[in-house]
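Working notes, beginning with the structure itself.
The values are calculated or read from the model by the stated rules, or taken from the named source; none is laboratory data. Given the structure is predicted, the values throughout are model-derived calculations rather than measurements. As a convention, Cβ positions derive from the backbone with ideal geometry for all residues, glycine included, and neighbour counts pool all protein chains shown.
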Amino acid sequence: MEDQPNLNDKYELILGYEEHFAYRLGREVIDKPEATVWMILIPILFVHHAYRIKKYKAGVRSFAQGILDPRQKALDTALEEIRRGEKDKELPESAYFPDLEEIGNFDSSLLSRQLKVINIFKSHYRRLLSAEGGDYPGLLKQAYPRAGGYREFVHSLNAAEKDLNQYLAENIHTSEQGKMIVHRMQKSCVDLREEEIRFFYSKNKSVRD
């Protein structure tokens, strides 16, 4: 039997999965320009369409990176805690944002909500990094043998993200378009995670790319 992956291997499996999730979410949230019959009749319109597609792809990449950044902070911290033999605990803002004091005028209410989400992810990643498995599904099923256990994590994460997104919609992204994107992001996250539960814990697996 092959050796189980070490911590670095498991780190890469988890990070790869989170990157995939972030890009899927980006494609759900950001509207993709559609081709029309006029592009067949007037081919020059393809030039404008190609430009819009390029902007769409850049937007998805930027969105995905914004989603991934706090998760990678949580994953990096989880990895270092395990390497140092430390127990899981909620960490303060300075653990994830060491340069915070230099920023000065930051929104403490927003930061506390983001911190809660990051700490939930960190505990989740510690379970995955401590599990055994040759791929991401193997790690997940070993960390959460039953769907109910994984669903508890998903529910706590959804609730924390809902609180964060509600704050964003009411205080940061207050335009109609901004609110629409925030609420679409929240709904898409919930939907994708429900799909994940069915995929990982159901015999009849079906998941979109």
- Message: I'd like to know if segment 73-84 contains one or more residues that are modelled with pLDDT of 80 or more, in a loop (DSSP other than H, G, I, E, B) and farther than 27 Å from Lys179 by Cα.
- Response: yes
- Task: Would you mind stating whether Tyr167 is in contact with a Ser or Thr (Cβ under 8 Å, 6 or more places away or on another chain), surrounded by 13 or more Cβ atoms within 10 Å (Cβ to Cβ) and farther than 17 Å from Leu25 by Cα?
- Result: yes
- Message: I'd like to know if segment 111-121 contains one or more residues that are surrounded by 15 or more Cβ atoms within 10 Å (Cβ to Cβ), under 15 Å from Tyr11 (Cβ atoms) and in contact (Cβ under 8 Å) with a residue 60 or more places away in the chain.
- Response: no
- Item | Failed item, numbered, when Phe199 is tested on (1) within 28 Å of Ile30 (Cα to Cα); (2) aromatic (Phe, Trp, Tyr); (3) in contact (Cβ under 8 Å) with a residue 24 or more places away in the chain | (3)
- In the list Glu93, Glu101, which residue meets the criterion of being of a type in the set (D, E, K, R) and within 22 Å of the chain's Cα centre (by Cα)? Glu93
- Unique match (being under 25 Å from Val182 (Cβ atoms), surrounded by fewer than 17 Cβ atoms within 10 Å (Cβ to Cβ) and polar (S, T, N, Q)) among Ser94, Ser130, Ser62: Ser62
- Taking segment 65-87 as the search range and keeping residues that are surrounded by 15 or more Cβ atoms within 10 Å (Cβ to Cβ) and charged (D, E, K, R), which one is nearest to Val117 (Cα to Cα)? Arg71
- Item | Pick from segment 85-115, criterion within 20 Å of Leu157 (Cβ to Cβ) and among the charged types (D, E, K, R), ranking: modelled with the highest pLDDT | Arg113
- Query: Hey, among Val47, Val29, Val37, which residue is at pLDDT below 95 and buried (at least 17 other Cβ atoms within 10 Å of the Cβ)?
  - Reply: Val29
